[in-house]
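**Q** There's a structure below that I have some questions on.
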Amino acid sequence: MLKQFKNHIENHLSFLKQGKLLIAISGGIDSVVLTHLCYQLDLNVALAHCNFNLRDLESEADEDFVLELADSLELEAFVQGFDTMEYAELNKCSIQMAARELRYSWFSELSAELGFDYVLTAHHADDNLETVLINFTRGTGLDGLTGIPMVNDIFVRPLLPFSSSDIETFAKEQHIKWREDSSNKSVKYLRNKLRHDVIPILKEINPSLLQSFKSTVDHLEATADIVEESTNAVLKRAIEIMDDDKIVFKISEFKKVNNPKAYLYEVFKPYGFTEWNDVLKLLDAETGKQVYSPTHRLIKNRAHLLLSEISLETNAVFSVLDLNHEKQVQTSFGTLFFDEADALLATSSNLIFVDHDKLEFPLTIRKYAPGDVFYPLGMTGKRKISKYFKDEKLSLLEKENTWLLLSGNDIVWVLNRRADNRFRVTEHTKRILKIELK
């Protein structure tokens, strides 16, 4: 196996030979064998062990074993203890998910702090099969059926081509010791139930199951490349605007394809959407209809879909301080600059001139609220902000991201859109204030 592992590294993961590597080690056979293989290839490795404190003395014995192994191989070792039960309760997730989140977060932090290039995990071919079966039982797309990626950002799985049988044979031939995790025998966890009850039956039906599975995954990965290429072609035509706040998609481009739902799935699954029938219905919904994921939302706006991140910012209010000392105000949407002007110059969407003496300080900045009215510059009389938004054909997202500058309770400026007539510069104005948003 050592020769095969060496060839695998040289042919597919040669970048590991020059990297500073951190091995995620539990003390079990897989991670211990990975450690010995990397050590025998003289790779630059250190060990990282998570003590999840779930098995009392057994967890402590695992930690001691890892430290002894590191000492015997003269490798640096890092150990981190976690209160996994408390984390699971606070975050309302399973113990398995809690352990996963804790370890990957720590591995990432440790790598960033100490300059490790990659984190190696000991996932192998059997793990890959189990993962695909889990995804299959829960419902998944093409990505879920292609299994565990060999390289995912800083995380690398060098043992994916090898079976659990390969690993065990190598361990016994090399007289390698490892720790047995008693929880791996419990079939109350789905992965263990598949491992102990389902997969042995599948291997009995097909003794070459892992080889057949690998062949299937290879075909699916090739198909995934085709899907990605086709999706990117549609995206290139569909995306009309992409900026810091949103991505605007032309609905017509999704309607042109044979299976819009399939393309919507490929485009929007990275943003956490799961209700695909609702997403599909957006194509023909009325303007303003929305579909949410935990992190994003899709809004129907006439002939477009608007994708935006769900903002944690609510109705924040910014105060403009004494202009004798403060000439600018930093906000989440830009910086407002205030300065005295000698004359009235040309205005623009982000620049206005107002009568300084008509202002009541401090000024405030907030978002639109129902019932707001103003007197649009260049128009007669007052108008509700909501009516102004409608006349300007603003999308829901644009409405929500529009801010107002106020003097007392009066609107001075709908920022980046329209100034208020009541504060305009006239022939009687003695002091002109220039206000600019950058």
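The values are calculated or read from the model by the stated rules, or taken from the named source; none is laboratory data. Only a predicted model underlies this, so the values are computations on that prediction, with no experimental measurement involved. Heads up, the Cβs are rebuilt from the backbone with ideal geometry, glycines too, and the neighbour counts pull from every protein chain shown. Just so you know, the surface numbers come from the protein's heavy atoms only, side chains and all, with ligands and any DNA or RNA stripped out. Shrake-Rupley method; radii C 1.70, N 1.55, O 1.52, S 1.80 Å.
**Q** Tell me which of these Glu392 doesn't satisfy, since it passes every other one: (1) among the acidic types (Asp, Glu); (2) closer than 27 Å to Glu427 by Cα; (3) under 41 Å from the mean Cα position of the chain (by Cα).
**A** (2)
**Q** Follow-up. Yes or no: the range 26-37 includes at least one residue that is within 18 Å of Ile167 (Cα to Cα) and more than 33 Å from the chain's Cα centre (by Cα).
**A** Yes, that holds for at least one residue.
**Q** Still on this model: Would you be able to tell me the number of residues in the range 138-192 that are not in a loop (DSSP other than H, G, I, E, B) and not acidic (Asp, Glu)?
**A** The first filter runs over the range 138-192 and keeps only residues not in a loop (DSSP other than H, G, I, E, B), leaving 138, 142-145, 151-152, 155-156, 164-173, 182-185, 190-192.
Within this subset, residues satisfying the condition of being not acidic (Asp, Glu) are 138, 142, 144-145, 151-152, 155-156, 164-165, 167, 169-172, 182-185, 190-192.
Matching residues across the range 138-192 total 22.
**Q** Let me ask you something else. So for the range 136-143 (the condition being touching an Asp or Glu at 6+ places or on another chain (Cβ under 6 Å), closer than 30 Å to Val227 by Cα and among the hydroxyl-bearing types (Ser, Thr, Tyr)), does at least one residue qualify? Steps first, please.
**A** Going residue by residue through the range 136-143, those that are touching an Asp or Glu at 6+ places or on another chain (Cβ under 6 Å) are none.
Among the residues of the range 136-143, not one is touching an Asp or Glu at 6+ places or on another chain (Cβ under 6 Å), closer than 30 Å to Val227 by Cα and among the hydroxyl-bearing types (Ser, Thr, Tyr), which makes the answer no.
**Q** Given the criteria at pLDDT below 95, within 27 Å of Ile167 (Cα to Cα) and open to solvent by less than 70 Å² (accessible area, probe 1.4 Å), does Glu130 qualify?
**A** Working: at pLDDT below 95: yes; within 27 Å of Ile167 (Cα to Cα): yes; open to solvent by less than 70 Å² (accessible area, probe 1.4 Å): yes.
Here the answer is yes, as Glu130 does meet what is asked.
**Q** Ok, one more. Just to be sure, is Leu283 under 19 Å from the mean Cα position of the chain (by Cα) and at pLDDT 95 or above? Can you show your working first?
**A** Numbers: under 19 Å from the mean Cα position of the chain (by Cα): no; at pLDDT 95 or above: yes.
No, not satisfied.
**Q** For the range 355-385, give me each residue that is among the aromatic types (Phe, Trp, Tyr) and free of Cβ contacts under 8 Å to residues at least 40 places away in the same chain. First the steps, then the outcome.
**A** First, pick out the residues of the range 355-385 that are among the aromatic types (Phe, Trp, Tyr): 361, 368, 374-375.
Listed by number, the list holds a single entry, Tyr368.
**Q** So which of Lys246, Lys256, Lys214, Lys236 is touching a residue at least 60 places away in the same chain (Cβ under 8 Å), basic (Lys, Arg) and open to solvent by 100 Å² or more (accessible area, probe 1.4 Å)?
**A** Numbers: Lys246 fails: open to solvent by 100 Å² or more (accessible area, probe 1.4 Å); Lys256 fails: touching a residue at least 60 places away in the same chain (Cβ under 8 Å); Lys236 fails: touching a residue at least 60 places away in the same chain (Cβ under 8 Å).
When all the criteria are applied, what remains is Lys214.
**Q** Here's another thing I want to ask about it. Could you please find all residues in the range 25-49 being open to solvent by 20 Å² or more (accessible area, probe 1.4 Å) and under 16 Å from Ser111 (Cα atoms)?
**A** Asn44
**Q** Something else about it: Looking only at helices (runs of 4 or more DSSP H) that fall completely inside the range 196-313, which ones have 1 or more residues that are among the hydroxyl-bearing types (Ser, Thr, Tyr)?
**A** Working: elements: 199-205, 209-238, 251-256, 260-268, 276-281.
In the range 196-313, 209-238, 251-256, 260-268 are the helices (runs of 4 or more DSSP H) which contain 1 or more residues that are among the hydroxyl-bearing types (Ser, Thr, Tyr).
**Q** Also: With the condition kept exactly as written, say whether any residue in the range 189-210 is free of Cβ contacts under 8 Å to residues at least 60 places away in the same chain, open to solvent by 50 Å² or more (accessible area, probe 1.4 Å) and of a type in the set (Val, Ile, Thr).
**A** For the range 189-210, residues free of Cβ contacts under 8 Å to residues at least 60 places away in the same chain, open to solvent by 50 Å² or more (accessible area, probe 1.4 Å) and of a type in the set (Val, Ile, Thr): present.
**Q** Further question: Go through the residues of the range 146-162 one by one and say whether even a single one is under 23 Å from Val217 (Cβ atoms) and among the polar types (S, T, N, Q).
**A** Kept after step one, since they are under 23 Å from Val217 (Cβ atoms), are these residues of the range 146-162: 146-162.
Okay, now just the ones that are also among the polar types (S, T, N, Q), so 146, 152.
Yes, the range 146-162 has at least one match.
**Q** While we're looking at this one, here's another question. Give all pairs with beta carbons closer than 7 Å in which a residue from the range 102-116 that is farther than 14 Å from Val79 by Cα meets a residue that is open to solvent by 50 Å² or more (accessible area, probe 1.4 Å) and outside any helix (DSSP H, G or I); count only pairs at least 6 apart in sequence or on separate chains.
**A** Gly115/Lys20; Phe116/Lys20
**Q** Out of curiosity, is Asn135 free of Cβ contacts under 8 Å to residues at least 24 places away in the same chain, touching a Leu at 6+ places or on another chain (Cβ under 7 Å), part of a helix (DSSP H, G or I) and farther than 23 Å from Glu10 by Cα? Quick ask: steps written out before the conclusion?
**A** Values: free of Cβ contacts under 8 Å to residues at least 24 places away in the same chain: yes; touching a Leu at 6+ places or on another chain (Cβ under 7 Å): yes; part of a helix (DSSP H, G or I): yes; farther than 23 Å from Glu10 by Cα: yes.
It is true that Asn135 is free of Cβ contacts under 8 Å to residues at least 24 places away in the same chain, touching a Leu at 6+ places or on another chain (Cβ under 7 Å), part of a helix (DSSP H, G or I) and farther than 23 Å from Glu10 by Cα.
**Q** Can you name every residue in the range 50-98 that is without any contact (Cβ under 8 Å) to a residue 12 or more places away in the chain and either open to solvent by 90 Å² or more (accessible area, probe 1.4 Å) or part of a loop (DSSP other than H, G, I, E, B) (or both)? Full working, then the answer.
**A** First, pick out the residues of the range 50-98 that are without any contact (Cβ under 8 Å) to a residue 12 or more places away in the chain: 56-57, 59-60, 64, 68, 71-72, 74, 86, 88-94, 97.
Result: Asp56, Leu57, Glu68, Asp71, Glu74, Glu86, Glu89, Leu90, Lys92, Cys93, Ser94.
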